[in-house]
Every structure is written in C-alpha cells, then in structure tokens.
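K.L.:
Take this structure first; my questions come after.
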Amino acid sequence: MKNYSVEKRNFNNSKKKVLVTGATGHLGFNLCLYLIKNNFNVFAFCRKNSNVNKLKNKNVKIIYGDVKNYTEFYSAAIGKNFIIHAAAIYSHDEDLRNETLKTAKKSAENFCKIINKLDIEKGIYISSVSILGLNKKPIKKKKLSIIENSEDPYVKSKLESYKIIKKEISKYNLPVTIILPSSMIGLNDYRITPSSSNIRNMMKTIIGFYVDGGINIINIKDVCISIIQILLLKKNTTYVLSGYDIEVKNLVKEVRFLAGRSIFSLKLTKNFFLIIYYIHKFLGLKIMFKFPLNIFQIKNIGKFSYFDNSKAKKDGLLKLTSLKTTLRECLENF
C-alpha cells in the first residue's frame, strides 16, 4: 500500500460525524441507533439495493455505495470524524464463499487506505472471536492468538481481513481499534443472523435438542455501548467483547423456558449430524432445501467458544446485560 498524504478536513459542526458500513445489518443498525442517542451525526454507507427505510426513520443519513469500491467508499468517508467498519457477509454458506471472502478482504484494504489518506480521528474494525478458535474444554481462552487457517467461509473471511488490518495498522500507525465480539443477539435483528437463527431453532421444535459444547453470548446493545466508548479513546488496541459462557444444553433449556416451551431435551451427537449431512449431500436434496450446517461447523460440535473479556472490563468499557434479558430481547425478533 502506498503511503498516501493526509488530506486535512474542517470539522466545524458540534456533532461528530460517523460513517457506519454494514448499517442494515444487525450490529450496524443498532450501532446507528446508539450513536444517534449519543448525539453523533450518523451516516450509513449502504448498497443501492438495501432496504434503508428503518434507518431513514431514525434520522440516519444514507450514502449509497459499495465497500468493495474504493472510490465510492472514499467519497462517503470525506468529512467524517470516525469510520466504523461493520460490513460483512455473515454466512457460513459454501455457495457464498467467494463473495464472502472478496467482500471482507477488499473492504478491509479500502478501509485502511481511507484511514491513511483522510484526517480520520478513529476507525473501528469489527472482527469476530471466531478467529481465535475454539477450546476442547470449557475454559476461557485468555491469550489473544489467532488461528492459522479455517475452511469455514465466514471464519476465513474474518481471519484474512483481520490480517490485512493488523498489517496496515503496524505499517502506517493507523488510528484503528479492532473489536472481537462473541455471538451477538438482541433486538432489531430484522434479517435474522445465524446467531439469532440458532436461538430460534432451539425453541421451535416440539422438544428440545442439544449437542455437547458451549457458546459465549453477548447482548448486541452491550457491544454498541462499548464501541461508542472505544470510539472516543485515544489509544488503539484490540478488544474482545464477550458475554456469558453457557453450555448448549443449558442454553436450549433456558430459551425454551422463556419461550413457554417444554424444557425436556434430547442430546444429538456429532455422528448424527454427519450422517444427515452426507445423506442430504449425496441424494441431491440441496435443490429442495439447504442443510443448516456445513461440514466445518459439524466438526466443531462438542467444542467451547469461551473468551476472556477482562481487558475491556478492566478499562471500564464493558458492562453486561443479564443473560435472561438478552435472550428475551432476542426472542422478540420472532
């Protein structure tokens, strides 16, 4: 990447201007709401075919463009104090692999070039704890070390874009903070992310089903509040924003109890999913319906996604909504 000269901009308005990418997604939309509440002037960078009606109703200014297009992204960023890059394809679908990877990598490159060229006070890049890997035992992963590779399209996209961002931060001393949130659920998930979809699947069957393993869940509003605080910090670092560690079997019971369903549950094994997956694949049932898990997700059954958030808590940047409230707010989406 070339070392671009800085273009100075005048910020005369009392309200700080924030450009949010991925603003029609679950995190991006909620970020816009909380930024408005905190007296920021919010600009949403959205694709032309996006449904932006809910954003317009919240007094968010819309700028159309594509994060993969440098010129469009750059034009949208001119005159802004901050950029929060939350745009991503949140999908584990193998059919979307190329687009998922292309979007993540190209937008990360553009994001860094823009931060380097313009007089941006702070950039925040939203990554994921998925790049830290999973544990075989239910213990918190305290050391911040990323995995070497992943075949899962979503995880690989986050991994590759993280490497790009870290490299450019180091090379040009960019004012960028990287955020690694765990599974985010909560209000305003209009398109239903994979995280929320998992919760929905836990409640819609006659009886509950679970697998071995554990997950970490955080309320999306807690992530938004933390990001806004981090936005105003002068130091640039990486923060893990994780919430509650819970075993899948206990999560299923809690979700079903809150939804008024029977909490009786049966355990399903990894082999069960493997058998169903291969039957679905070899019988060509894909044209009728997609199997909800890919082979890489199935292989991770029985592992634990527990991560240490003590750094964010120590810096006073993370306070957690109760697990029950978080699950109730997620259920409101359905």
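The numbers here are math on the coordinates, done by the rules we state, and not lab data. As the structure is a prediction and not an experimental result, all values here were calculated from the model. Note: ideal-geometry Cβ built from the backbone for every residue, glycine included; neighbour counts use all protein chains shown.
K.L.:
Anything over 27 Å Cα to Cα? Flag those among Lys234/Lys314; Lys167/Lys299; Lys158/Lys235, in the order listed.
P.N.:
Lys167/Lys299
K.L.:
Additional query: For every other residue with a beta carbon closer than 12 angstrom to the beta carbon of Asn333, add +1 if it is Lys or Arg and -1 if Asp or Glu, then tell me the sum.
P.N.:
Counting the neighbours of Asn333, the net charge comes to 0.
K.L.:
Mind putting a number on the dipole of the stretch 139-224 about its Cα centre? Charges go on the C-beta only, +1 for Lys and Arg and -1 for Asp and Glu, and I need it in Debye to the nearest 20.
P.N.:
260
K.L.:
Additional query: Can you check what the net charge comes to around Lys37, using other residues whose Cβ is under 15 Å from the Cβ of Lys37 (Lys, Arg +1; Asp, Glu -1)?
P.N.:
+3
K.L.:
Looking at Ala108, Ser265, Tyr210, which one has the Cα that reaches farthest to the positive end of the dipole of the chain (charges on Cβ: Lys, Arg +1; Asp, Glu -1)?
P.N.:
After comparing all options, I get Ala108.
K.L.:
Then there is this: What is the distance in Å between the Cα centroid of the stretch 130-195 and that of the stretch 257-294?
P.N.:
So the separation of the two Cα centres works out to 26 Å.
K.L.:
Checking the a/c ratio against 1.5 first, then a/b against b/c, what shape does the Cα gyration tensor give for the stretch 222-279?
P.N.:
Oblate.
K.L.:
Taking a temperature of 25 °C and a viscosity of 0.890 mPa s, what whole-number D in µm²/s does Stokes-Einstein yield for the stretch 108-184 with Rh from Kirkwood over alpha carbon pairs?
P.N.:
Reported coefficient: 181 µm²/s.
K.L.:
So how far apart, in nm, are the two label points at Lys235 and Asn98 if each is 7 Å from Cα heading toward Cβ?
P.N.:
4.5
K.L.:
Please give, to one decimal in nm, the separation of the simple spin-label points placed at Ile192 and Lys136, each 7 Å out from Cα toward the Cβ.
P.N.:
3.6
K.L.:
In whole Å, how far is the Cα centre of the stretch 27-51 from that of the stretch 94-118?
P.N.:
19
K.L.:
Related question: What are the extents of the Cα atoms of the stretch 78-208 along their three principal axes, in Å, largest first?
P.N.:
Extents along the principal axes: 56, 33, 28 Å.
K.L.:
Using only alpha-carbon positions, what ratio does the radius of gyration of the stretch 165-298 give when scaled by 2.2 N^0.38 Å?
P.N.:
Compactness ratio reported: 1.35.
K.L.:
Excluding Ser242 itself, calculate the net charge of residues whose Cβ lies under 12 Å from the Cβ of Ser242, where each Lys or Arg counts +1 and each Asp or Glu counts -1.
P.N.:
+2
K.L.:
Also: Starting from the coordinates of the alpha-carbon atoms of the stretch 282-334, obtain the Kirkwood hydrodynamic radius over all distinct pairs and give the value in Å to one decimal.
P.N.:
It works out to 15.5 Å.
K.L.:
Sticking with this structure for a sec: I need the fraction of alpha carbon pairs in the chain separated by more than 30 Å, rounded to a whole percent.
P.N.:
Of the Cα pairs, 35 percent sit more than 30 Å apart.
K.L.:
To continue, here is another question. With labels modelled as points extended 7 Å from the Cα through the Cβ direction, what inter-label distance (nm, one decimal) is found for Lys15 paired with His280?
P.N.:
Those two pseudo-labels are separated by 4.5 nm.
K.L.:
Under a point-charge model restricted to the Cβ atoms of Lys and Arg (+1) and Asp and Glu (-1), what is the dipole moment magnitude of the stretch 106-173 relative to its Cα centre, in debye to the nearest 20?
P.N.:
Value, rounded to 20: 400 debye.
K.L.:
What Kirkwood hydrodynamic radius do you get for the stretch 223-325 when you take the inverse of the mean 1/r over all pairs of distinct Cα atoms, in Å?
P.N.:
Final number for the Kirkwood radius of the stretch 223-325 is 17.4 Å.
K.L.:
While we're on this one: Going 7 Å from the Cα of Asn57 toward and past its Cβ, which residues in the stretch 13-35 have a backbone nitrogen under 19 Å from where you end up?
P.N.:
Counting backbone N atoms under 19 Å from the label point, the list is 23-35.
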